[in-house]
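Novice: Below is a structure I'd like to ask you about.
The values are calculated or read from the model by the stated rules, or taken from the named source; none is laboratory data. Computed from a predicted structure; not experimentally measured. Quick reminder, even Gly has a Cβ in these numbers, built from the backbone with ideal geometry, and neighbours come from all protein chains shown.
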Amino acid sequence: MRQGSKSLSLGVALVVATLAILPLATPRGGNATAADRTTAASASKSKAGLKQFTGVVTAFDKTTLTVEKRGKKPQSRVFTRHAELKTTGELEKNAHVTVYYRTEGGQAVAHRVVVKSQDESAESDR
């Protein structure tokens, strides 16, 4: 009888060890792990985390872009250009633009700039 109880306890230990290791195994197929979900959520969050500022370009160079908002509460902002800045339209002084930016290290970093054409600007002034 002793031999039977040793086999039984060994079998129970084997089952417990298998159940303990099972959650650590990588899921197969379409199941996403928690790390995959976190990475996907942060990627979509980073795109959605862009703020926007619309105004007129007052100055720009290789590293910065200055945009001024006119009206009742005028304000001016200086943006640092991101290394992979995407620009839609031709960026020039006095162009109406919308800057999509993110605050990184206390600075506003422009990630995308959309230049409004003269036709769009004339329509928005009406």
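Novice: Looking at the range 88-126, which of its residues are at pLDDT 90 or above, exposed (fewer than 15 other Cβ atoms within 10 Å of the Cβ) and polar (S, T, N, Q)?
Specialist: THR88, ASN94, THR103, GLN107
Novice: Do we have ARG28 as modelled with pLDDT under 70 and in a loop (DSSP other than H, G, I, E, B) here? Quick ask: steps written out before the conclusion?
Specialist: Numbers: modelled with pLDDT under 70: yes; in a loop (DSSP other than H, G, I, E, B): yes.
Yes.
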